[in-house]
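Reviewing the structure listed below.
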Amino acid sequence: MNVNVRGKNIVVTPALKEYVEKKITKITRQFKTVGDISAVLKVEKGNHIVEITVPASGILIRAQESTKDMYSSIDLVVEKIERQVHKYKTRLAKRKYSNFVEPVPAPEVEAAPDEEFKIIKNKKFSMNPMTAEEAILQMNLLDHDFFVYFDPDYGGVNVVYRRKDGNYGLLQPELK
């Protein structure tokens, strides 16, 4: 496990780096495999923002917090990650000891009319094979509204998303 601590608009002192590493090491002990952890410390308009990303055991845990003090931001973001880890572990235990209902596929979505769109960001990411339930869990851990994943049973890329009614939808593309 390697902790990469970067600073934007701030000089990362050895004491600050050591504090971040010490706090992160506590939460990563619970996982068998942990990848390179990324911690970004920023100062914007007087706010001290800390963003930490932890790739562990096939999932990605990310949290961000902002306060007027860097050390309190670090403490708050670590607490947030601890809650996410606890939530993940609890859901795994519940799923292990109960029957999980397969989600119902969502109805087809209509295509938007032809207009010119400007792509402002292009992002590449690696995908691990997972089930729809694991993808929903990962989406909730990241606090996103959708999650793209590879389903080995289906043999393709699927998308799970959070609906406005609080339920989840599943998009399974078909080539014609």
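The values are calculated or read from the model by the stated rules, or taken from the named source; none is laboratory data. Owing to the predicted nature of the structure, the values given are computational and were not obtained by experimental measurement. Positions of Cβ are backbone-derived with ideal geometry, glycine not excepted, and every protein chain shown enters the neighbour counts. Keep in mind that these areas ignore ligands, DNA and RNA; they rest on the heavy atoms of the full protein, side chains included. Shrake-Rupley method; radii C 1.70, N 1.55, O 1.52, S 1.80 Å.
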When every residue in the stretch 123-152 that is hydrophobic (A, V, I, L, M, F, W, C), open to solvent by 70 Å² or more (accessible area, probe 1.4 Å) and in contact with a Phe, Trp or Tyr (Cβ under 8 Å, 6 or more places away or on another chain) is compared, the one farthest from Gln84 (Cα to Cα) is Met127
Restricted to the stretch 109-168 and to residues being of a type in the set (Asp, Glu) and more than 21 Å from the chain's Cα centre (by Cα), the residue modelled with the highest pLDDT is Asp165
Per the filter on the stretch 119-150, residues within 13 Å of Tyr161 (Cβ to Cβ) and either touching a Pro at 6+ places or on another chain (Cβ under 6 Å) or β-branched (Val, Ile, Thr) (or both) are Ala132, Ile136, Val148
Residue pairs within 6 Å by beta carbon, gap of at least six or interchain, first lying in the stretch 51-65 and among the β-branched types (Val, Ile, Thr), second surrounded by fewer than 18 Cβ atoms within 10 Å (Cβ to Cβ) and part of a strand (DSSP E or B), listed first then second, are Thr53/Ser38
Result of the Cβ filter at 8 Å on the stretch 18-31, keeping first residues that are among the aromatic types (Phe, Trp, Tyr) and partners that are surrounded by 14 or more Cβ atoms within 10 Å (Cβ to Cβ) and part of a helix (DSSP H, G or I), at least 6 apart or interchain, is Tyr19/Tyr71; Tyr19/Ile74
Condition set in a loop (DSSP other than H, G, I, E, B) and within 24 Å of Gln84 (Cα to Cα), scope the stretch 153-176, selection most open to solvent (accessible area, probe 1.4 Å): answer is Lys164
Checked the stretch 1-21 for anything open to solvent by 40 Å² or more (accessible area, probe 1.4 Å) and of a type in the set (Gly, Ala, Ser); matches are Ala15
Only one of Ile61, Ile81, Ile24 is open to solvent by less than 50 Å² (accessible area, probe 1.4 Å), part of a helix (DSSP H, G or I) and either closer than 26 Å to Tyr149 by Cα or in contact with an Asp or Glu (Cβ under 9 Å, 6 or more places away or on another chain) (or both), namely Ile81
Within the stretch 64-78, of all residues that are surrounded by 14 or more Cβ atoms within 10 Å (Cβ to Cβ) and among the charged types (D, E, K, R), the one nearest to the chain's Cα centre (by Cα) is Glu65
